[in-house]
Amino acid sequence: MKRKLFLNAYIAAIGVATLLVIGFAVAAAAHQVDSAHWSNATILYAAFFAILSMIASRQLLYYQPSSQVAMGTAAQVAAIVSLPLPFALLAVAAGKALSELSLLIQGKRKARAVVVNIGGTLLANVAGGTAFHLLHGGQFLWSSGLTPLLALPAFLSLSILYHAVDALVIVGAISLSSNESPWRAFRDMALSVFAPHLSLGFVGLVFAVLWHFSPVLSLLIMIPIWLSMRSFQAVARLQRETVEAVLKMAESIDYRDTGTYEHSKRIADMTRRLARSLGLTPEHISDIVLASQVHDLGKIGISNDILLKTGRLTDEEYVAMQEHPVIGEEILRSYSAFRSSATIVRHHHERWDGKGYPDGLKGEEIPLGSRIITVVDSFDAMTDDRVYRKGMSVEDAVQRLKDGIGSQFDPRVCGAFIQMLIDEGVYTPPETHPDLLRLVRESAAG
Ligand SMILES: [Fe+2]
Ligand SMILES: [Fe+2]
């Protein structure tokens with residue numbers, strides 16, 4: 001309830017800030033129209049950049065199969081370096097507002113998100129644009145061209161400030177509408193989008209310079225850019241479809257083995273939360289989560305007699321069963337999207353004490369992702385109801401995890417997992433053992 005109130009106040013504040021910026025920009029632009037003879041052309045250019053920014057905001061650039069940024073950033077940077085700041089801000093605001101409102105009308109955007117997105121973009125351009133114009137001596141492309149020595153630092157500060165303010169505004173809304181810690185949300189967002197934002201800013205800069213020399217040429221250049229974007233999108237779609245196909249294949253193994261499609265999903269959810277609580281980077285987390293979804297894919301090569309056997313496996317059967325991480329790795333290696341996950345899959349049955357398989361790796365020789373999956377997979381296997389037996393209670397499963405610290409499990413990972421179960425209310429340490437976490441932490445330290 002309280003959070004909702006804060007969220008509404010936050011969105012209202014962004015809305016007010018947006019209107020204030022627009023008001024100031026209109027007043028400043030009107031003043032410049034009165035006092036300068038080039039203003040008619042500037043208004044025309046501003047209108048052009050508003051339309052460009054609106055179109056570009058709807059074009060998505062895929063930099064990973066499931067991650068994309070809107071091309072709007074490029075058009076906004078082009079406007080900022082080309083025009084006097086008030087005109088540039090009005091062009092940006094108009095372009096972004098038109099694109100967001102069309103999404104709102106089509107039911108693809110909620111009203112709150114529209115306010116946050118327009119506000120975030122405009123405030124980002126105010127910050128970045130002010131830095132650019134200050135560092136570039138108040139000059140812009142249309143009046144006096146770019147001074148190369150000043151333009152580079154000015155452009156870099158524009159990009160960094162633009163990016164930081166845009167991320168801050170959006171992260172504020174995310175952390176108020178979810179349990180996400182603001183710092184973590186900011187770090188994740190800033191890390192993943194910075195490089196694409198910077199390169200889009202550069203595209204904007206190059207476009208503006210070209211436009212300045214030859215508008216026709218700059219428009220012609222957009223054709224190959226648009227075509228290559230289309231092919232990037234096609235490649236990204238193909239990669240997403242490949243990932244989906246492999247995940248479906250892994251799901252079907254889950255069903256054959258554990259009798260539930262939910263196994264992979266549960267493991268992936270827990271793995272994601274655990275990896276986040278260990279403070280890993282978004283890229284590392286997504287590799288580990290992907291690996292967790294397909295960790296037992298290699299069971300595709302294990303016969304049902306062995307896979308579904310409820311009794312003890314014979315030595316030969318056990319050896320055959322131990323092949324599954326290697327088979328899984330071999331299958332996954334052939335897909336570029338799974339290349340980093342393949343190694344994690346290979347080692348998900350290694351043990352901290354070096355007695356695991358297939359390679360008998362020890363301690364930190366084992367990839368961190370594999371150590372995470374080992375803990376989560378063991379917990380899920382213990383607590384899950386199978387056809388032939390009922391799942392263990394959470395308390396008993398945690399006890400088993402505790403017993404395995406330092407032998408089967410990485411102490412730090414296992415400690416973080418138990419802490420996560422406590423924080424999420426899944427597990428309550430018994431009154432008589434309030435020192436559980438101390439034990440876990442001590443073993444982590446030792
Ligand atoms: Fe396995
Ligand atoms: Fe499993």
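Values in this text are rule-based calculations from the coordinates and carry no lab data. Bear in mind that the values here come from a model prediction, so they are computed numbers and not experimental data. Counting neighbours? That spans all protein chains shown, and the Cβs are built from the backbone with ideal geometry, glycine included.
Dipole orientation for the chain: of the candidates MET229, THR428, ALA416, MET229 has the Cα lying most toward the positive pole (charges on Cβ; Lys, Arg +1; Asp, Glu -1). When only alpha carbons of the stretch 2-213 are considered, Rg and Dmax amount to 16.8, 55 Å.
Run down the lysines and flag those whose C-alpha is under 19 Å from the C-alpha of LYS4, throwing out any fewer than 8 positions away in its chain. Filter leaves LYS110. Between ALA30 and ILE43, the modelled labels are 1.3 nm apart [label points 7 Å from Cα along Cα→Cβ]. Report the calculated FRET efficiency for MET222 and LEU20 (r = Cβ-Cβ distance, R0 = 35 Å), to the nearest 0.05. The value I calculate is 0.55. A dipole drawn for the chain from +1 and -1 charges on Cβ atoms has a positive end, and of LEU19, LEU401, MET54 the residue lying farthest that way is LEU19. If you average the alpha carbon positions of the stretch 327-396 and of the stretch 163-228, how far apart do those two centres end up, in angstrom? Computed from Cα coordinates, the inter-centre distance equals 37 Å.
Note that the stretch 362-376 has calculated 3J(HN,Hα) couplings of 10, x, 6, 5, 6, x, 4, x, 5, 5, 5, 5, 3, 5, 5 Hz, one per residue in order, obtained from phi through the Karplus relation 6.51 cos²θ - 1.76 cosθ + 1.60 (θ = phi - 60°); glycine and proline are x. Available extension along the chain between ARG256 and ASP269 is 2.6 nm, counting 0.36 nm per residue and deducting the alpha carbon span. Working from Cα pairs under 8 Å separated by at least six residues, relative contact order for the stretch 2-213 is 24 percent.
Helix 411-423 and the long axis of the chain differ in direction by around 70°, with both axes built from C-alpha atoms.
The Stokes-Einstein estimate for the stretch 145-216, based on a Kirkwood radius over Cα pairs and taken at 25 °C with 0.890 mPa s viscosity, is a diffusion coefficient of 177 µm²/s. Computed extension gain for ASP359 through GLU283, at 0.36 nm per residue and net of the alpha carbon distance, reaches 24.8 nm. Most tightly packed first, judged by the mean number of other beta-carbon atoms within 10 Å of their residues, the peptides 280-292, 10-22 read 280-292, 10-22. For the pair SER214 and ARG339, the difference between a 0.36 nm per residue extended length and the Cα-Cα distance amounts to 40.6 nm.
Highest-first packing order for the peptide set 338-344, 360-366, 231-237, 309-315 is 338-344, 360-366, 231-237, 309-315, based on the mean count of other beta carbon atoms within 10 Å. Computed from label points 7 Å out along Cα-Cβ, the spacing between ASP396 and LEU104 is 5.7 nm.
Entry note, the chain: relative contact order of 10 percent, from Cα contacts under 8 Å with a spacing of 6+ residues.
Cut-off 10 angstrom, C-alpha nodes, Gaussian network model of the chain. Which of PRO325, PRO148, PRO411 fluctuates the most? Comparing PRO325, PRO148, PRO411 in a Gaussian network model of the chain, the most mobile one is PRO148. Strictly over 30 Å apart at the Cα level, which of LYS2/LYS108; LYS355/LYS390; LYS96/LYS265; LYS2/LYS265; LYS248/LYS390 would you flag in this model? As for pairs spanning more than 30 Å Cα to Cα, those are LYS96/LYS265; LYS2/LYS265. For the chain, taking Cα atoms only, Rg and Dmax work out to 27.4, 91 Å respectively.
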